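The structure appears below as structure tokens.
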Amino acid sequence: MALNLVRNSRVFFTTNVDSTTGVVGTTGFTSANTQEIQVLDGFTFSQNTTADTVTISEAGVAPVRGQRSFNTALAPVDFSMSTYIRPFNATTAITAEEAVLWNALLGANAISTANTISVGGTVSGATYAFAAGEGTVTISGTSLTYAGLSVGDSVVISGLSHATDGTILNNAAKVASLSSTAITLELATPKAAGAAITSITAGTVKLYKSAWAPVASTYSVVTTGGSNLNQLQKFGMIFIVDSVVYVVDNCAMNQAVIDFGLDAIAMAAWTGQGTQLKQSTVITASTLSGAAAKNTAAQFITNKLSTVSMSLVNSLGSAAAGTSYAVALTGGSITINNNIAYITPANLGTVNIPTTYYTGTRAITGTLNAYLKTGSGVNSTGQLLADMLAAANSAIEPMAALSITIGGATNATKVVLEMPSVTFSIPTVDVQQVVSTAINFTAEGYTPSATTDANTFALDEVNDLTVRYYAA
């Protein structure tokens with residue numbers, strides 16, 4: 001009898017699943033649909049049984065005291081793993097092994113050529129306009145083609161260049177109208193305060209229907225722009241533990257947690273669920289030989305180089321809109337949670353298995369830990385605390401733009417998390433040898449305004465979070 005050793009384990013993410021049931025296939029694993037994921041020690045996968053126990057209670061000198069237990073249902077499979085955050089420059093695009101995990105967390109469509117819409121014909125240019133809380137990009141040209149694209153589709157724009165606002169233009173959008181001479185797209189996150197964007201250059205324009213998109217030669221982006229869905233991307237997980245293969249069918253990615261431990265390498269903890277766990281004797285390491293290989297050349301990122309900036313979108317008491325605070329972290333975390341709930345039947349005489357799931361509230365929350373520094377100035381957490389205390393009786397929803405750059409703003413290899421509208425609570429104070437503070441925040445959708453201080457939080461908007469991967 002051989003023991004299974006974790007050091008010999010391998011983990012695979014696959015979209016080679018039945019489009020209806022989500023059951024993982026037994027053949028046909030290719031680099032286009034299956035990716036080996038490098039994970040840290042401590043990954044888990046398990047499925048519990050729900051039992052119904054019948055007991056009785058009776059009087060007498062010899063009462064029956066037995067019980068009967070029935071297995072009534074299988075709970076959803078729970079799996080978890082941690083990966084390092086590792087951008088990689090593949091020359092033609094910025095990639096990452098964990099791109100498939102981000103894509104499953106925030107969208108329904110796989111990263112594939114089928115979900116990459118190349119705009120054909122002659123593209124003559126692009127314009128940007130802001131009105132009534134919306135920023136609109138119009139791609140102009142003649143004999144434009146866009147096979148596979150429809151009005152109402154959520155996409156990520158690629159191929160627009162601008163000296164300062166390229167990251168705003170190459171972002172999540174919704175298709176508003178289509179014709180042979182113009183494609184109109186409504187940006188999820190327009191330029192703040194409706195400022196103009198001129199001198200836009202349109203190159204090879206592509207529209208990605210996946211959440212993850214390689215929008216420029218220097219960065220790729222994943223956003224919440226297409227995540228207002230009841231169900232997300234179907235995928236499967238394959239765990240090879242030594243020589244034993246376990247498969248999780250019909251998976252959904254529920255949560256990602258990024259932790260800012262200063263003495264650690266940047267990483268994300270992923271958790272998800274599926275409908276059934278099974279051991280496979282058909283799928284083997286040989287069967288998976290065609291999968292995309294793990295990338296050992298991608299760079300690691302050191303958390304201690306990370307930077308954080310917070311800028312008031314609306315005024316906060318005497319602190320005017322646009323006031324910025326730079327926070328030197330001592331730790332913290334950010335959580336993106338889909339709050340997924342599975343549905344299981346309750347038929348008698350059978351072991352019921354989960355049939356499907358639905359997403360709940362998209363909750364993006366976090367905590368930033370820092371030393372409490374007194375005095376005024378943008379580097380002072382004490383000033384932020386003072387401004388918040390001064391407006392505590394009147395600021396119902398203080399709005400700020402929060403940007404966390406994992407790896408440092410000046411470094412070529414980094415990951416930037418941008419939340420343009422966060423509401424934050426009064427920082428808590430922890431009195432130790434060095435007094436520290438914790439700033440709790442919640443990212444929300446918002447509707448921008450052309451007027452200062454008039455931006456408003458909006459439940460129906462999908463501009464909570466944009467993540468950009470950069471690599472040298």
task = May I ask you to say which residue of T381, T365, T374 is over 30 Å from T218 (Cβ atoms) and surrounded by fewer than 19 Cβ atoms within 10 Å (Cβ to Cβ)?
result = T374
Any hit, region 336-359, residues being touching a Lys or Arg at 6+ places or on another chain (Cβ under 8 Å) and modelled with pLDDT under 95 = no
request  = Out of the residues in region 220-277 that are of a type in the set (D, E) and farther than 18 Å from T466 by Cα, state the one that is surrounded by the fewest Cβ atoms within 10 Å (Cβ to Cβ).
outcome  = D263
note = Listed by first then second residue, the pairs whose first member lies in region 68-81 and is closer than 28 Å to A256 by Cβ, whose partner is among the aliphatic types (A, V, I, L, M) and open to solvent by less than 30 Å² (accessible area, probe 1.4 Å), with beta carbons under 8 Å and at least 6 positions apart or on separate chains, are V77/V248; F79/M237; F79/V248; M81/V11; M81/I37
remark   = G331: passes all of (1) under 27 Å from Q233 (Cα atoms); (2) touching a residue at least 12 places away in the same chain (Cβ under 8 Å); (3) not charged (D, E, K, R) but (1)
message = With the condition being without any contact (Cβ under 8 Å) to a residue 12 or more places away in the chain, I'd like the strands (runs of 3 or more DSSP E) fully within region 90-153 carrying at least 1 qualifying residues.
response = 120-131
inquiry  = So, in region 306-362, exactly how many residues are farther than 26 Å from T21 by Cβ, surrounded by fewer than 18 Cβ atoms within 10 Å (Cβ to Cβ) and within 19 Å of the chain's Cα centre (by Cα)?
reply    = 3
request  = Within region 78-90, identify whether any single residue is among the acidic types (D, E), more than 17 Å from V222 (Cα to Cα) and in contact with a Leu (Cβ under 9 Å, 6 or more places away or on another chain), and answer yes or no.
outcome  = no
ask   = Among the residues of region 51-74, which ones are assigned to a strand (DSSP E or B) and of a type outside the set (A, V, I, L, M)?
value = D52, T53, T55, Q67, R68, S69, F70, N71, T72
message = If I go through region 17-41 residue by residue, how many of them are open to solvent by 50 Å² or more (accessible area, probe 1.4 Å) and not hydrophobic (A, V, I, L, M, F, W, C)?
response = 10
request  = Determine which single condition T405 fails, assuming it passes every other condition in (1) within 25 Å of F88 (Cβ to Cβ); (2) of a type in the set (V, I, T); (3) in contact with a helix residue (DSSP H, G or I) (Cβ under 7 Å, 6 or more places away or on another chain).
outcome  = (3)
note = Filtering strands (runs of 3 or more DSSP E) wholly in region 212-307 for at least 1 residues that are among the acidic types (D, E) and touching a strand residue (DSSP E or B) at 6+ places or on another chain (Cβ under 8 Å) gives 244-259
ask   = In this structure, does A163 turn out to be at pLDDT below 95, part of a strand (DSSP E or B), open to solvent by 20 Å² or more (accessible area, probe 1.4 Å) and not charged (D, E, K, R)?
value = no
query = Can you name the residue in region 317-335 that is closer than 15 Å to A400 by Cβ and not in a loop (DSSP other than H, G, I, E, B) and is also modelled with the highest pLDDT among such residues?
reply = I334
message = Here is a list: Q255, Q279, Q231. Which entry is among the polar types (S, T, N, Q) and under 13 Å from the mean Cα position of the chain (by Cα)?
response = Q255
remark   = Among strands (runs of 3 or more DSSP E) entirely inside region 363-450, those with 2 or more residues being closer than 16 Å to S315 by Cβ and β-branched (V, I, T) are 414-424
inquiry  = Looking at region 194-208, I want the residues that are open to solvent by 40 Å² or more (accessible area, probe 1.4 Å) and have a partner that is part of a loop (DSSP other than H, G, I, E, B) with Cβ atoms under 6 Å, at least 6 apart or on another chain. Which pairs are those?
reply    = none
key: Hits in region 100-114 - residues which are surrounded by 19 or more Cβ atoms within 10 Å (Cβ to Cβ) and out of contact with any helix residue (DSSP H, G or I) (no Cβ under 6 Å at 6 or more places or on another chain)   = V100, L101, W102, N103, A104, L105, L106, G107, A108, A110
message = I'd like the residue in region 451-472 that is β-branched (V, I, T) and assigned to a loop (DSSP other than H, G, I, E, B) and, out of all such residues, is least open to solvent (accessible area, probe 1.4 Å).
response = V462
query = Within region 456-464, is there a residue that is aliphatic (A, V, I, L, M), more than 20 Å from L187 (Cα to Cα) and touching a residue at least 40 places away in the same chain (Cβ under 8 Å)?
reply = no
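The values are calculated or read from the model by the stated rules, or taken from the named source; none is laboratory data. Everything numeric in this text was worked out from a predicted model, so none of it was measured. Don't worry about glycine lacking a Cβ; one is built from the backbone with ideal geometry, like all the others, and counts go over all protein chains shown. To get the accessible areas, we keep the full protein, side chains included, count just its heavy atoms, and leave off ligands, DNA and RNA. Shrake-Rupley method; radii C 1.70, N 1.55, O 1.52, S 1.80 Å.
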